[in-house]
Amino acid sequence: MLLKMDAAVLCSCEEELCRLERRLAAAAQEMQRIGEELRREGSAGAGAGSRVVSAAAGLHGVCMKLQRMTAVLNGAREEYGRAEQRNLSALQDFGPGLIAAGKACGEAVPGRIAAPMSEDYLQVLDTRYENAVPEARALYDKYRDEIDIADCSLKDTAYYNGVCNHVKYSWENDLVSADGPGSVYYHEVGHLIDDRSRLFGYSSSRGEFGRLLRSDFDAYVSRVTEEYGFSGRDEAYAYISGALMVDRDRKAAVSDLIGGLTGNECIGAWGHWDDRYWNNYKALEKEAFAEFFEASMGADAMKVQYIREVFPRAYEEFLKTAGELSQ
C-alpha cells in the first residue's frame, strides 16, 4: 500500500533556502576575517591557514546544499507555472472529475462485497468504472467475479494477500483518500488482477514492462538534465523532487515509482518509505502495474497524464498487456 509522507516531515524549500543563504553569507564573512588575519600574521600564520582550509570546506558544503535546494525550488516553481494550464486542458478534454454515473450504485463491484459499503462510496466506484480507460475497464470486467474482498473495514494498512488471493482495506478511509476516492480499492484490486491473470507469477513480470519502466525514467532524467543545463544527476533529482511536490496527490503513482527506481533519493510526497519493500521480487513491476491500473480506473485524467509524462512507453506496454489479458 502506498503511504503519504507526514506533512511534518516535509520542510519548506523556501525556508531551507533562506537558512542556507544565511549560512553561506556567514561562511563568506568568516573566510574574509581569516584571510585578513593571515595577511597580518604573514609567514607565522600556519594555524590560521588550517582554519582557512576548514572554513573553505564548510563553505563548499553549504554551496552544494544551496545549489541542490535551488534546483528543488526551481522545479516546484516551474511546475506551478504549468499546473493551471494542465488542469484546464484536462477539464476541457475529459470533463469534470467525479460526476454521477447515472446508474445503480454497486454496479462496478461484485455483489457479495457491496453490502457493507455506503451508497456514496459505491457511487464513487461506479463513476470511476464508467470513466475508466477502455483497456483497464475490460481487464476489470474479465476478473470482476474473482475479486475477493476479505475485509473492507480494516483498521490497518490496506494490502493484497498473494497467498490467500484476497484484499483487505477500509472503504471508509478510501472514501476520503488524499490521492482520490476509490484509489485504494482499484490499486489493491490491480495487484489481485496482476496475480490472478497469469497462472504462474505475475502478469507485470512479462515482456518488456520492467525494462521500459527503467529506460523511460532514464530518458526523463536525461531530458530534464539537458533542458535545464544541470551538471549531473543529483541536480536533476532535486529538480524532479521539487516538481513532484506540485499537485502532489495526483502524482502519487509517479512519486512512488521514481522513489523505487532511485532508492528514494528522488521522490515527492508519496512512496514506500521502507527501502526494503523494493527488494522484493519484481516489486517495481508489480507496483507499477497496480499504480497504472488504479490511475486508469477513474475519472481523473490528470493522473494518467502525469504517468505518461515520465513513463510513456511503459504505460503503453501496460495498456497492451491489459488488452491481451482481457481477451
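One residue alone among K251, K282, K303, K320 is on the phi > 0 side of the Ramachandran plot and out of contact with any strand residue (DSSP E or B) (no Cβ under 7 Å at 6 or more places or on another chain), and that residue is K282. Within the set I258, I267, the sole residue that is crowded, with 19+ Cβ neighbours inside 10 Å and not in a helix (DSSP H, G or I) turns out to be I267.
Taking S177, is it of a type in the set (S, T, N, Q), within 17 Å of the chain's Cα centre (by Cα) and assigned to a loop (DSSP other than H, G, I, E, B)? Yes; evaluated as a whole, the condition is true for this residue. For the range 139-159, the criterion of being without any contact (Cβ under 8 Å) to a residue 40 or more places away in the chain, more than 24 Å from the chain's Cα centre (by Cα) and at positive phi is met by none of the residues.
Exactly one of these conditions fails for L122: (1) in a helix (DSSP H, G or I); (2) under 23 Å from the mean Cα position of the chain (by Cα). Give me its number. The one condition L122 does not meet is (2). Taking the conditions exactly as written (within 26 Å of L325 (Cβ to Cβ), part of a helix (DSSP H, G or I), touching an Asp or Glu at 6+ places or on another chain (Cβ under 8 Å) and not hydroxyl-bearing (S, T, Y)), does A253 satisfy them or not? For A253, the condition - within 26 Å of L325 (Cβ to Cβ), part of a helix (DSSP H, G or I), touching an Asp or Glu at 6+ places or on another chain (Cβ under 8 Å) and not hydroxyl-bearing (S, T, Y) - is met. Could you go through the range 280-294 and let me know if any residue there is within 13 Å of the chain's Cα centre (by Cα), in a helix (DSSP H, G or I) and surrounded by fewer than 22 Cβ atoms within 10 Å (Cβ to Cβ). For the range 280-294, residues within 13 Å of the chain's Cα centre (by Cα), in a helix (DSSP H, G or I) and surrounded by fewer than 22 Cβ atoms within 10 Å (Cβ to Cβ): present.
Flag: E227 does not match the condition of being out of contact with any Gly (no Cβ under 8 Å at 6 or more places or on another chain), among the charged types (D, E, K, R), under 21 Å from I193 (Cα atoms) and surrounded by fewer than 21 Cβ atoms within 10 Å (Cβ to Cβ). For the range 270-279, residues that are surrounded by 10 or more Cβ atoms within 10 Å (Cβ to Cβ) and closer than 22 Å to R206 by Cβ total 2.
In the range 22-37, the residues that are surrounded by 13 or more Cβ atoms within 10 Å (Cβ to Cβ) never reach a residue that is at pLDDT 70 or above with C-beta atoms less than 6 angstrom apart, at least six apart or across chains. Within the range 185-199, track down each residue that is farther than 14 Å from F209 by Cβ, touching a residue at least 12 places away in the same chain (Cβ under 8 Å) and either under 21 Å from the mean Cα position of the chain (by Cα) or surrounded by fewer than 24 Cβ atoms within 10 Å (Cβ to Cβ) (or both). Answer for the range 185-199, where residues must be farther than 14 Å from F209 by Cβ, touching a residue at least 12 places away in the same chain (Cβ under 8 Å) and either under 21 Å from the mean Cα position of the chain (by Cα) or surrounded by fewer than 24 Cβ atoms within 10 Å (Cβ to Cβ) (or both): Y185, Y186, H187, E188, V189, H191, L192, D195, R196.
K303 falls short on exactly one of the conditions (1) touching a Lys or Arg at 6+ places or on another chain (Cβ under 8 Å); (2) outside any helix (DSSP H, G or I); (3) surrounded by 24 or more Cβ atoms within 10 Å (Cβ to Cβ), and that condition is (2). I'd like to know if the range 127-150 contains one or more residues that are at pLDDT below 90, of a type outside the set (D, E), out of contact with any Ser or Thr (no Cβ under 9 Å at 6 or more places or on another chain) and part of a helix (DSSP H, G or I). Checking the range 127-150: not a single residue is at pLDDT below 90, of a type outside the set (D, E), out of contact with any Ser or Thr (no Cβ under 9 Å at 6 or more places or on another chain) and part of a helix (DSSP H, G or I). One residue stands out in the range 310-319 among those that are part of a helix (DSSP H, G or I) and touching a residue at least 60 places away in the same chain (Cβ under 8 Å): the one that is surrounded by the fewest Cβ atoms within 10 Å (Cβ to Cβ), namely P312. If the condition is being in contact (Cβ under 8 Å) with a residue 12 or more places away in the chain, of a type in the set (D, E, K, R) and closer than 11 Å to A314 by Cβ, then the range 200-224 contributes E208, R214, D216.
The values are calculated or read from the model by the stated rules, or taken from the named source; none is laboratory data. Everything numeric in this text was worked out from a predicted model, so none of it was measured. A quick note on method: Cβ atoms are made from the backbone with ideal geometry, for glycine too, and the neighbour counts reach across all protein chains shown.
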